[in-house]
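Heads up: the structure comes next, in structure tokens.
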Amino acid sequence: MNGSARKALLALSLLLCGAMGLLTFTTGCQVDVGGQTLPSPYYMKDDVQYFAPGPEFKLSREAAAIQQAKAQQQAQTATVGR
């Protein structure tokens, strides 16, 4: 390999390394923590998601059905016991 080919190869490899470094720093890195994607280079421009608040107790319908079933069962045992 002669001197000019070696210089061209060195220049190409430096250019390639510089491009890889630039690409690495401009893309940012994203990490998923607790359902959030942090950080992103565009997080200030990202759209905001809104989740409407729900009931604190997630099983309110099931709890109401259980209470109703217990009340019906107590009513039935009270009428049978007479």
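Throughout, read-outs are computed from the coordinates displayed, never taken from laboratory work. Everything numeric here is computed off the predicted structure, so don't read it as measured data.
The table that follows gives values for the structure above.
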{"quantity": "Using distinct alpha-carbon pairs, which all enter the 1/r mean, Kirkwood radius of region 3-80 in Å", "calculated": "19.6 Å"}
{"quantity": "For region 63-70, Karplus couplings with θ = phi - 60° (6.51, -1.76, 1.60), whole Hz, Gly/Pro x", "calculated": "5, 5, 5, 5, 5, 5, 5, 5"}
{"quantity": "In sequence order, calculated HN-Hα J values of region 46-53 (Karplus, 6.51, -1.76, 1.60; Hz; x Gly/Pro)", "calculated": "6, 6, 9, 9, 10, 10, 5, x"}
